[in-house]
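The structure under discussion appears below in the form of structure tokens.
The values are calculated or read from the model by the stated rules, or taken from the named source; none is laboratory data. Bear in mind the structure is a predicted one, so any value in this text is a computation, not a measurement. A quick note on method: Cβ atoms are made from the backbone with ideal geometry, for glycine too, and the neighbour counts reach across all protein chains shown.
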Amino acid sequence: MHDMWPFCGGEHFTNNLRNQNNYSSFNRPVNESGLDINKFVWNKKNRYLKNKDINIICPSEWMLKKVKKNSLFKNHKSQILPYIIDTNKWNYNSRLHSKIITPNGKSVILFNATSSVNFRKGFNFLAEAINNHLNHKEYFLLVVGDKPKKFDDIKIEKKYFGIVNSDKIIKNIYYSSDIFVLPSLFESFGQVFTEAGCFGLPSVAFKDTAVSEIIKHKQNGYLADFKSSKDLANGINWANNELKINSDFKKNNRKMIIKNFSYKNRINDYLKFYKKILEK
């Protein structure tokens, strides 16, 4: 369950409760009109999937709770198996990487999202945090992925890197950054947070998404109050200060990722899951 689409209509993420109460004309959002495509698609899924023997993997407790509440899969067998990462390949060893920018002593904030033009990734909250609540002389913004609509409005020194399809380049980008910020409104896991953590970067995100299962508040990052640009800025300042006073921060952050999300420590969970199914 990478996102909510399997048990919704056409939505990949949604706040409405139609997937819990079945899709009908009575619970359709008032701003929608015309063909109810979400109801149409959900009825197809209900017809073909509801009574199948499906074993569901959820990458987070956040997603598991969504599955348990929806009307399509709530009675199916499901469990949490987080996405794992090859921490040997994702390594911040200085001999393997090179800096891609020279921020003149400023701390580099990295925003990396392939769908940053989508409101779900929350770039507008980062823009407000930077413009209204941060010291503009202290930070440099590096954006990777689709160009956010508000990128040109950012009032600090910045660079748009574009979409990156090379592991080597994205690793150099993480290596060149200081703080990873992705204030998503919905997140079923957040692989980019484990990638950033492999490089020791503190991450700043919102509470109430699955990111809280990767980031422990004021340990390896900061979980800001939901939709609060001001608290997002507090988190960025906290992370910046923590890097200055704690020389072991990056090393300890990487250790947390290895412990909880590395191939070495978690692959057996996947093997046990599949073997149990095959033994039925």
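For K65, state whether it is over 23 Å from R266 (Cα atoms) and either among the aliphatic types (A, V, I, L, M) or not assigned by TED's automatic domain parsing to the domain that holds N252 (or both). Reasoning before the result, please.
Numbers: over 23 Å from R266 (Cα atoms): no; either among the aliphatic types (A, V, I, L, M) or not assigned by TED's automatic domain parsing to the domain that holds N252 (or both): yes.
So K65 does not fit the description; no.
If you go through region 1-50 and keep only what is over 16 Å from S71 (Cβ atoms), surrounded by 15 or more Cβ atoms within 10 Å (Cβ to Cβ) and over 22 Å from the mean Cα position of the chain (by Cα), you end up with just D36. The set of residues from region 130-164 being under 18 Å from the mean Cα position of the chain (by Cα) and either assigned to a loop (DSSP other than H, G, I, E, B) or among the charged types (D, E, K, R) (or both) comprises D146, K147, P148, I163, V164.
Restricting attention to region 243-254, which residues are surrounded by fewer than 20 Cβ atoms within 10 Å (Cβ to Cβ) and within 11 Å of L201 (Cβ to Cβ)?
Looking only at region 243-254, we keep the residues that are surrounded by fewer than 20 Cβ atoms within 10 Å (Cβ to Cβ), and these are 243-252.
Across region 243-254, the qualifying residues are L243, F249, K250.
Regarding V143, is this residue more than 17 Å from F180 (Cα to Cα) and either free of Cβ contacts under 8 Å to residues at least 40 places away in the same chain or among the aliphatic types (A, V, I, L, M) (or both)?
Numbers: more than 17 Å from F180 (Cα to Cα): no; either free of Cβ contacts under 8 Å to residues at least 40 places away in the same chain or among the aliphatic types (A, V, I, L, M) (or both): yes.
No; evaluated as a whole, the condition is false for this residue.
In the set F193, F186, which member is in the same structural domain as K255 (by TED's automatic domain parsing), under 20 Å from W62 (Cβ atoms) and in contact with a Lys or Arg (Cβ under 7 Å, 6 or more places away or on another chain)?
Details: F193 fails: in contact with a Lys or Arg (Cβ under 7 Å, 6 or more places away or on another chain).
Step by step, each of F193, F186 is checked, and only F186 is in the same structural domain as K255 (by TED's automatic domain parsing), under 20 Å from W62 (Cβ atoms) and in contact with a Lys or Arg (Cβ under 7 Å, 6 or more places away or on another chain).
Screening the candidates F140, F180 for the property of being in contact with a Pro (Cβ under 8 Å, 6 or more places away or on another chain), assigned by TED's automatic domain parsing to the domain that holds S229 and within 18 Å of A224 (Cβ to Cβ) yields one hit, F180. Only residues that are more than 27 Å from D208 (Cα to Cα) and either among the small types (G, A, S) or in the same structural domain as D208 (by TED's automatic domain parsing) (or both) were counted in region 1-51, giving 4. Can you pull out every residue in region 199-216 that is without any contact (Cβ under 8 Å) to a residue 40 or more places away in the chain and closer than 13 Å to M256 by Cβ? Matches in region 199-216: S203, I215. Residues in region 60-99 that are touching a helix residue (DSSP H, G or I) at 6+ places or on another chain (Cβ under 8 Å), outside any loop (DSSP other than H, G, I, E, B) and of a type outside the set (A, V, I, L, M, F, W, C): 5 in all. The set of residues in region 93-119 that are of a type outside the set (V, I, T), at pLDDT below 85 and either surrounded by 22 or more Cβ atoms within 10 Å (Cβ to Cβ) or within 22 Å of the chain's Cα centre (by Cα) (or both) comprises S115, S116, N118, F119.
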